[in-house]
Every structure is written in structure tokens, then in C-alpha cells.
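What follows is a single structure, written as C-alpha cells, with notes after it.
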Amino acid sequence: MIRLQLEQLNTVQDAQAMLQTAIGVEFGTLPPYLYALYSIREGTNVQAKQRIRSVALQEMIHMCLACNMLNALGGIPTLSPQSYPGPLPGDIGPNGKPLQLHLYPFSPQAMEQAMAIEQPENPPDFPVAAFAEAIPKKAVTIGEFYRTLDQFLSTLPTGDWIAGRNQVIADQFFAGQVFAINQYADAHKAIEEIVSEGEGSSQGTKADPLDFQDAVAHYYRFGEIFHDRVLTKADNPLGYAWGPARLGVDWTGVYPAIPDPGLHDFSKEPPEAQAAQKACNQAFSSLVAGLQGAVTGKDGAMGEAVQAMFSLRMAALHAFTVPLADPSRVAGPAFLNTSSQGGHEA
């Protein structure tokens with residue numbers, strides 16, 4: 001499970017640092033989710049794909065909202081792609097052991113990891129046993145992290161908020177879902193949406209799988225896939241129940257992809273596989289550059305990012321069909337930002 005270090009908040013600069021950690025967390029979840037999504041063979045696992053895609057899109061929205069909050073407080077958002085395997089920024093994990101995130105193809109292992117990332121404060125009746133350890137003091141869930149930030153932001157004077165500064169807004173990206181942060185009320189709304197969509201609503205000590213829009217929250221969407229069961233609203237003390245319907249999960253409907261391609265030496269692979277990786281890395285690097293420009297006020301950068309997202313998807317889908325030297329294996333995108341670091345491309 002993800003557990004973030006909770007530091008004392010005393011100044012606007014402290015809040016800026018906390019928001020930068022949040023940006024890293026939101027951005028860092030995207031590659032594991034996308035690797036699993038793109039590894040699914042066409043025509044299979046339709047409902048599972050819909051659920052993973054919806055979570056990935058919301059994580060992108062959450063990242064933009066966190067950037068808007070940081071900009072509104074005078075900070076400068078920085079998108080720094082991480083390596084896989086590796087921990088999310090700020091994760092100290094249970095007992096000081098951060099969760100090492102991997103790039104797994106679609107599998108029970110990938111969905112279990114996703115549930116560990118999104119696990120709420122009070123998990124329901126399908127906890128991830130492998131990560132159920134004692135939680136040290138000041139190590140908090142992503143939801144608790146945001147709620148603590150929200151409490152501090154509510155104490156800031158109006159003059160600490162800068163209206164209209166480098167805001168990613170609805171007409172630029174995901175119309176109706178990304179909005180400007182100009183004051184505390186906007187930040188509070190954004191945090192409520194981020195926490196609710198990720199962990200579900202909180203009602204006392206009861207975990208509610210439905211978010212503020214009555215949609216199934218991220219943790220539970222991955223749980224539906226992992227257990228191949230559908231959660232539905234119900235007139236019972238919990239407010240929900242496992243319905244009789246199943247998603248029709250087919251764990252064999254996936255390309256035979258290696259995990260963690262960032263650790264793989266592609267110099268020993270066929271030229272076609274090397275070219276596929278290079279295309280993926282170039283598209284991901286363009287996505288990072290476009291998003292970085294967008295969240296720091298560069299005109300036209302969000303359009304560049306959207307185009308790069310499409311290019312990354314197409315490059316990834318192609319890479320999953322290109323055999324390695326072992327013709328029974330393929331490799332998806334390593335999500336390497338080659339504009340700032342080296343990689344095993346050739």
C-alpha cells in the first residue's frame with residue numbers, strides 16, 4: 001500500500017512542497033495503469049479496459065488539478081517521470097518499506113498492485129493481504145495526505161492565492177472536469193473530487209465504493225477486475241453489494257509482454273523491437289514536454305500534449321505486437337523520458 005510521509009505544515013512553501021509530491025504521485029501512477037491497459041489484446045476484456053482507461057484519465061485530471069493548486073499558490077509544477085520499478089514520490093510505505101511499482105502486463109498481479117496504490121483508509125472485504133502491515137505514525141494514505149493539505153489550505157489568507165496564474169482549464173483538457181483554482185473554495189472542491197474518485201466516499205468508519213458522482217471509485221474498479229465481479233448500489237447497511245454480473249475477465253487475453261522493460265537491454269533485440277521502443281520513448285518524452293509546458297503557462301502546449309498522448313498510445317499498441325529475440329515475448333513502453341536521461345534503446 002502507498003503511505004506518504006506527512007510533514008508539518010507551517011508555511012505556503014510547505015504546502016507547495018506537499019502539492020509537488022501530490023503531482024508526482026498522480027503522474028507516477030499513469031505508466032503502470034497504461035502498461036496494463038495497452039497490453040490487453042484487441043477484442044478482449046472490454047469492460048476491464050473501460051475501467052482501467054477511466055482511472056488513467058482521472059489520474060491525469062487529478063495531476064492537472066494539483067498543478068493548478070500549486071500555480072495558484074505561486075509555485076512552479078515540475079513533472080519528473082520516475083523509473084520502474086521504483087516507489088512513488090514521498091512513499092515511505094508500511095514500516096518504512098515503500099511499495100515498489102512495476103510495469104506489469106494485464107494480470108492479477110497488475111490489478112493487485114493497482115489496488116495497493118489506491119487502497120483507502122478503511123479497506124472493504126477484499127484487502128490486499130500482501131501489504132497489510134502496521135502503519136507507522138505520520139505515514140498516511142493518499143486520501144489522508146490530501147485531507148491534511150486541505151485543512152491547512154483553509155487557513156491561508158486570501159492574499160496567498162493568485163487568481164488566473166498558469167491554469168489548465170476545461171476548454172483545454174477534459175472539458176468540464178479540469179477547472180481553474182483561484183481561491184480556497186476551488187482547491188477544496190478539487191481535493192474532494194480527487195479523494196472521492198480515488199478512494200470513494202468516507203462515512204465514519206465505513207468505506208463507500210461510490211464517489212461523489214455515484215461512480216465506482218478507483219480502488220473498487222480495480223477490485224472488480226481482480227475479482228471479476230461487479231459492485232452495485234444496494235439497500236443494505238453497507239449501501240452496496242456484489243452483483244451477480246461478472247466482467248468476463250480473460251487473463252489470457254493479453255500480449256506476452258515482459259515486465260519492467262526499463263530494465264531490459266534492447267541492444268540485443270531485433271531492430272524492429274529497438275525501433276518500437278524508440279518510438280515509445282520519443283512519444284512519452286513529447287508528452288512530458290507538452291504537459292510541462294501546459295502547467296507552466298506555455299501557449300499551445302496542451303495541444304502538443306494531447307497529440308503526444310495519441311502518439312504514445314499508437315506506439316505502445318504497436319510495440320506490444322513486435323516480437324523480441326525470444327519470439328514468444330514482446331515488450332511494451334518503458335516510459336523513459338529520453339530528453340533528460342538515457343535508456344536501453346539500442
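The values are calculated or read from the model by the stated rules, or taken from the named source; none is laboratory data. It should be emphasised that the depicted structure is a prediction, and the values quoted were computed from it without experimental measurement. FYI the Cβ positions are ideal-geometry reconstructions off the backbone, even for glycines, and counts take in every protein chain you see. Accessible surface areas use protein heavy atoms only, side chains included; no ligands, DNA or RNA. Shrake-Rupley method; radii C 1.70, N 1.55, O 1.52, S 1.80 Å.
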Could you check LEU73 against (1) in contact (Cβ under 8 Å) with a residue 40 or more places away in the chain; (2) in contact with a Gly (Cβ under 8 Å, 6 or more places away or on another chain) and say which number it fails? (2)
Cβ contacts < 6 Å: first residue open to solvent by 60 Å² or more (accessible area, probe 1.4 Å), restricted to the stretch 189-208; second residue at pLDDT 80 or above, any location; separation 6+ or different chain. Result? none
What are the residue pairs meeting all of these: first residue in the stretch 78-97, first residue closer than 13 Å to PRO31 by Cβ and crowded, with 19+ Cβ neighbours inside 10 Å, second residue at pLDDT below 90 and among the hydroxyl-bearing types (Ser, Thr, Tyr), Cβ atoms under 7 Å, and 6 or more apart or on different chains? none
Being surrounded by 17 or more Cβ atoms within 10 Å (Cβ to Cβ), of a type in the set (Lys, Arg) and out of contact with any Cys (no Cβ under 7 Å at 6 or more places or on another chain) is the requirement here; does ARG246 meet it? no
Of the residues that make up the stretch 17-40, is at least one on the phi > 0 side of the Ramachandran plot and either crowded, with 19+ Cβ neighbours inside 10 Å or within 18 Å of the chain's Cα centre (by Cα) (or both)? no
What is the number of the single condition among (1) over 15 Å from PRO81 (Cβ atoms); (2) in contact with a helix residue (DSSP H, G or I) (Cβ under 8 Å, 6 or more places away or on another chain); (3) of a type outside the set (A, V, I, L, M) that GLN292 does not meet? (1)
Yes/no for SER328 being part of a loop (DSSP other than H, G, I, E, B) and either under 20 Å from LEU37 (Cα atoms) or in contact (Cβ under 8 Å) with a residue 24 or more places away in the chain (or both): yes
Checking LEU291, LEU312, LEU263 in turn, the sole residue that is farther than 30 Å from LEU73 by Cα and open to solvent by less than 70 Å² (accessible area, probe 1.4 Å) turns out to be LEU312
Sort out which residues of the stretch 271-280 are farther than 18 Å from LEU312 by Cβ and open to solvent by less than 40 Å² (accessible area, probe 1.4 Å), and write them in order of number. none
